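Inspection log for the structure reproduced underneath, given as structure tokens.
The values are calculated or read from the model by the stated rules, or taken from the named source; none is laboratory data. Since we're looking at a predicted model, the values are computed, not measured. Using ideal geometry, Cβ is built from the backbone for each residue, glycine included, and neighbour counts are taken over all protein chains shown. For accessibility, only protein heavy atoms count, side chains too; no ligands or nucleic acids. Shrake-Rupley method; radii C 1.70, N 1.55, O 1.52, S 1.80 Å.
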Amino acid sequence: MTLNPQYAWVRRLIALAIFLAIWEAAARAGMLNPIYVPAPGKIWLALVELFGDGRIWPHLEATFGAALGGLALGIVVGIALGILAALVPLIAELLEPIMTLLNAIPRVILAPLFVIWLGIGIASKIALAFILVTVVIFFTVYTGIKQVDRKLVERIVTLGGGRLTLARHVYLPSVAAWVLGNLKVAVGFAFTGAVVGEFVAASRGLGYLLGFAQSTYNSALMLALVLLIMVVVLIIFAVAGKLEKYLLRWT
Amino acid sequence: MTLSYGGEPVLEGASLDVEPGQFVSLVGPSGSGKSSLLRAVIGLQRPLSGTTDTGLPANQVGMLFQDDALLPWKTARENVALGLRLIGVNSQAADREADIWLARLGLTGFENRYPRHVSGGQRKRIALAQVLARKPKLILMDEPFASLDAIVRSRVVKDVVALVESEGISVLLVTHDLEEAISLSDAVYLLGQGPRAHIIQRYDVPIPRPRDPVKSRLHPAFTPLHAKLWEDLSKEVDHRAEEAA
Ligand SMILES: Nc1ncnc2c1ncn2[C@@H]1O[C@H](COP(=O)(O)OP(=O)(O)OP(=O)(O)O)[C@@H](O)[C@H]1O
Ligand SMILES: [Mg+2]
């Protein structure tokens, strides 16, 4: 039997529905301990409740604020450092080992440190999202600039282009292309940073709610939150994907 | 000219002339320094000694590379227009001129295409339009047709010859292809095997212009000249191999 790829999503939805139905049935038959594995209906109720009384919004706002703030800062600083390192050998020499180190460790382990330094407010979450993003962007830009196609550079030079022309027509678009190519990774990192930061210590945010759900053994709420975070990130991925597709339409 | 990348000189005492309006080819073994010589002429590489004097301002010398090296994020029109902007043409006039040259090279309707979304032959034409739009007096070509299949190649070459003849442009063409060199050129220079390569000989091509690059292969002077060039090139390669052994 050959599968029509066009209808893959239908088959997946059906499979998911069957899975959920079995899960729900098993839960109702008392085969699953509700403390560990709540029924899908319960998870849905928890989700409805979060939105129903509106208490989710400040948390969503906090997480979004931290993630997008860290993302923006991380991209700007990552690009700036990447360009500087590519242009100034001394800066490259100093920055490379630091960035390589930061790249090698799981950067979320810095979360407790940021809480001590910056408090339990949004600053420590932005800092974590920032550090996660900026390292990726730095390497993207730095290696990207060093690998700018020599031939393109020579071509513009033979057409009489100087440094400014090269920067504007060759380097800038290349850098933009690499950053856009890594936008989804950066977005994922930004949300990881925000949520983990909140999970470690916070008074608001999706990560905070996760911690709350954990301490109260409320697995329905926990799974509802996981679901919510997944949906949020998927929506942002879709937006980033559209942006990437439009701006990189020449590829 | 003598030219080195740091070690033993690639070229030593290599010298050639291109008269105004002449189509001149440079052939020679692989690695002999043909590309290096062109790069020196356009100023991408500084010779150890000797000079390259085109007698022309830099913006009247164009270069066509083996690969098209168009900016992938710019459309055909934008690529051609950029070349014009860089010699001081304002942006509207540059766009207009770009369209005219693209049309002249048979690319009407492709103005808004990106280089990666057109065929190899079309890319070559865009690159050619970019160079020709600047109305150069001299064009340096480094195996610009090598990547094209035979049919596309002969069509692009035909267009190039027609435009070059009608505009009175001088050309210095580097090629591996002896037949191409003879059928297109007024004179062919043979560069010896490197290192320390120098010009072995200059061959004048007595085929009249205007030329059809395909039909000029049927001219009585073609075959003997081809045989002679081939013999001299083989001799040079063998000679160097013996020397090395
Ligand atoms: N950037 C470079 N650095 C060091 N050596 C180089 C460089 N570019 C070329 N060479 C050397 O110079 C010599 C001549 O190279 P060049 O590319 O000019 O040869 P060519 O005649 O164009 O060869 P081909 O027909 O294969 O294109 C070669 O031995 C090559 O290895
Ligand atoms: Mg070459």
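Which condition number does residue B:117 fail, the rest of (1) surrounded by 15 or more Cβ atoms within 10 Å (Cβ to Cβ); (2) within 16 Å of ligand 1 (Cβ to nearest atom); (3) modelled with pLDDT of 85 or more being met?
That leaves (2) as the condition not met.
Please work out which one of (1) touching a residue at least 60 places away in the same chain (Cβ under 8 Å); (2) more than 16 Å from ligand 1 (Cβ to nearest atom); (3) hydroxyl-bearing (Ser, Thr, Tyr) is the condition residue B:32 fails and give its number.
Condition not satisfied by residue B:32: (2).
Going by the conditions given, is residue B:181 touching a residue at least 24 places away in the same chain (Cβ under 8 Å), farther than 23 Å from residue B:55 by Cβ, in a loop (DSSP other than H, G, I, E, B) and not basic (Lys, Arg)? Working first, answer last.
On the way: touching a residue at least 24 places away in the same chain (Cβ under 8 Å): yes; farther than 23 Å from residue B:55 by Cβ: yes; in a loop (DSSP other than H, G, I, E, B): no; not basic (Lys, Arg): yes.
Against the criterion (touching a residue at least 24 places away in the same chain (Cβ under 8 Å), farther than 23 Å from residue B:55 by Cβ, in a loop (DSSP other than H, G, I, E, B) and not basic (Lys, Arg)), residue B:181 does not qualify.
Would it be correct to say that residue A:38 is in a loop (DSSP other than H, G, I, E, B), closer than 17 Å to residue A:222 by Cβ and open to solvent by less than 30 Å² (accessible area, probe 1.4 Å)? Before the answer, list the steps.
Details: in a loop (DSSP other than H, G, I, E, B): yes; closer than 17 Å to residue A:222 by Cβ: yes; open to solvent by less than 30 Å² (accessible area, probe 1.4 Å): yes.
Spelling it out, residue A:38 is indeed in a loop (DSSP other than H, G, I, E, B), closer than 17 Å to residue A:222 by Cβ and open to solvent by less than 30 Å² (accessible area, probe 1.4 Å).
Could you tell me which residue of region B:130-160 is farthest from ligand 1 (Cβ to nearest atom), considering only residues that are among the small types (Gly, Ala, Ser) and surrounded by fewer than 18 Cβ atoms within 10 Å (Cβ to Cβ)?
The initial filter retains those residues of region B:130-160 that are among the small types (Gly, Ala, Ser), namely B:133, B:146-147, B:150, B:154.
Then drop every residue that is not surrounded by fewer than 18 Cβ atoms within 10 Å (Cβ to Cβ), which leaves B:146-147, B:150, B:154.
Numbers: B:146: 9, B:147: 13, B:150: 20, B:154: 21 Å.
Here the answer is B:154.
Please list, ordered by first then second residue, the pairs with beta carbon atoms under 8 Å, 6 or more apart or interchain, first in region A:75-91 and within 15 Å of residue A:171 (Cα to Cα), second charged (D, E, K, R).
Note: pairs meeting the criteria are A:85/A:96; A:86/A:146.
Looking only at region B:59-81, filter to residues that are in a helix (DSSP H, G or I) and open to solvent by 10 Å² or more (accessible area, probe 1.4 Å); which one of those is farthest from ligand 2 (Cβ to nearest atom)? Break it down stepwise before answering.
Within region B:59-81, the first condition is being in a helix (DSSP H, G or I), and the residues that meet it are B:59-60, B:76-81.
If we keep only those that are open to solvent by 10 Å² or more (accessible area, probe 1.4 Å) as well, we get B:59-60, B:77-78.
Numbers: B:59: 24, B:60: 24, B:77: 30, B:78: 28 Å.
Ranking the candidates gives B:77 first.
Which count do you get for residues in region A:135-183 that are hydrophobic (A, V, I, L, M, F, W, C), without any contact (Cβ under 8 Å) to a residue 24 or more places away in the chain and either part of a helix (DSSP H, G or I) or open to solvent by 20 Å² or more (accessible area, probe 1.4 Å) (or both)?
Of the residues in region A:135-183, the ones hydrophobic (A, V, I, L, M, F, W, C) are A:135-139, A:141, A:145, A:148, A:152-153, A:156-157, A:159, A:164, A:166-167, A:170, A:172, A:175-180, A:183.
Those still in the list that are without any contact (Cβ under 8 Å) to a residue 24 or more places away in the chain too: A:152-153, A:156-157, A:159, A:164, A:166-167, A:170, A:172.
Okay, now just the ones that are also either part of a helix (DSSP H, G or I) or open to solvent by 20 Å² or more (accessible area, probe 1.4 Å) (or both), so A:152-153, A:156-157, A:164, A:166-167, A:170, A:172.
Matching residues across region A:135-183 total 9.
State all residues of region B:56-67 that are of a type outside the set (A, V, I, L, M, F, W, C), facing chain A (nearest Cβ under 9 Å) and under 17 Å from residue B:136 (Cβ atoms); if no residue qualifies, say none.
Passing the criteria: B:59, B:62.
Only residues that are among the aliphatic types (A, V, I, L, M), more than 14 Å from chain A (Cβ to nearest Cβ) and within 16 Å of ligand 2 (Cβ to nearest atom): list them for region B:8-55, please. Steps first, answer last, please.
The first filter runs over region B:8-55 and keeps only residues among the aliphatic types (A, V, I, L, M), leaving B:10-11, B:14, B:16, B:18, B:24, B:26-27, B:37-38, B:40-42, B:44, B:48.
Okay, now just the ones that are also more than 14 Å from chain A (Cβ to nearest Cβ), so B:10-11, B:14, B:16, B:18, B:24, B:26-27, B:37, B:48.
Hits for region B:8-55 are B:10, B:11, B:14, B:16, B:26, B:27, B:37.
Return yes when residue A:32 is over 20 Å from residue A:226 (Cβ atoms) and either touching a strand residue (DSSP E or B) at 6+ places or on another chain (Cβ under 9 Å) or not in a helix (DSSP H, G or I) (or both) and no when it is not.
Numbers: over 20 Å from residue A:226 (Cβ atoms): no; either touching a strand residue (DSSP E or B) at 6+ places or on another chain (Cβ under 9 Å) or not in a helix (DSSP H, G or I) (or both): yes.
No.
Have a look at B:162, B:187 and point out the one that is out of contact with any Ser or Thr (no Cβ under 6 Å at 6 or more places or on another chain) and within 30 Å of residue B:234 (Cβ to Cβ).
On the way: B:162 fails: within 30 Å of residue B:234 (Cβ to Cβ).
The unique qualifying residue is B:187.
Report the residue count in region B:141-167 for those that are within 16 Å of ligand 2 (Cβ to nearest atom) and part of a loop (DSSP other than H, G, I, E, B). Reasoning before the result, please.
Applying the first criterion (within 16 Å of ligand 2 (Cβ to nearest atom)) to region B:141-167 yields B:141-147.
Right, trim to part of a loop (DSSP other than H, G, I, E, B) and you get B:143-147.
Of the residues in that region, 5 qualify.
For region B:98-114, which positions are surrounded by fewer than 20 Cβ atoms within 10 Å (Cβ to Cβ) and part of a helix (DSSP H, G or I)?
B:99, B:100, B:103, B:104
Taking the options B:127, B:181, name whichever one is surrounded by 20 or more Cβ atoms within 10 Å (Cβ to Cβ) and either outside the structural domain of residue B:85 (by TED's automatic domain parsing) or aromatic (Phe, Trp, Tyr) (or both).
Values: B:127 fails: either outside the structural domain of residue B:85 (by TED's automatic domain parsing) or aromatic (Phe, Trp, Tyr) (or both).
Going through B:127, B:181 in turn, just one is surrounded by 20 or more Cβ atoms within 10 Å (Cβ to Cβ) and either outside the structural domain of residue B:85 (by TED's automatic domain parsing) or aromatic (Phe, Trp, Tyr) (or both): B:181.
Answer with yes or no whether residue A:186 is within 14 Å of chain B (Cβ to nearest Cβ) and either in a helix (DSSP H, G or I) or closer than 30 Å to residue A:51 by Cβ (or both). Walk me through it before giving the result.
On the way: within 14 Å of chain B (Cβ to nearest Cβ): no; either in a helix (DSSP H, G or I) or closer than 30 Å to residue A:51 by Cβ (or both): yes.
In short, no.
Which residues, taken from region B:116-136, are within 11 Å of chain A (Cβ to nearest Cβ) and either of a type in the set (Asp, Glu) or out of contact with any Pro (no Cβ under 9 Å at 6 or more places or on another chain) (or both)?
So the first thing to find is which residues in region B:116-136 are within 11 Å of chain A (Cβ to nearest Cβ), and the list is B:116-117, B:127, B:130-131, B:133-134, B:136.
Passing the criteria: B:117, B:130, B:131, B:133, B:134, B:136.
Is it true that some residue in region B:43-51 is in a helix (DSSP H, G or I), touching a helix residue (DSSP H, G or I) at 6+ places or on another chain (Cβ under 9 Å) and open to solvent by 10 Å² or more (accessible area, probe 1.4 Å)?
Looking for residues that are in a helix (DSSP H, G or I), touching a helix residue (DSSP H, G or I) at 6+ places or on another chain (Cβ under 9 Å) and open to solvent by 10 Å² or more (accessible area, probe 1.4 Å), one finds none in region B:43-51, hence no.
Please give the number of the condition residue B:170 fails out of (1) within 16 Å of ligand 2 (Cβ to nearest atom); (2) in contact with a Lys or Arg (Cβ under 8 Å, 6 or more places away or on another chain); (3) at pLDDT 90 or above.
Result: residue B:170 passes all but (1).
Do the conditions hold for residue B:92, that is, is it polar (S, T, N, Q), modelled with pLDDT under 85 and open to solvent by 60 Å² or more (accessible area, probe 1.4 Å)?
Working: polar (S, T, N, Q): yes; modelled with pLDDT under 85: no; open to solvent by 60 Å² or more (accessible area, probe 1.4 Å): yes.
Here the answer is no, as residue B:92 does not meet what is asked.
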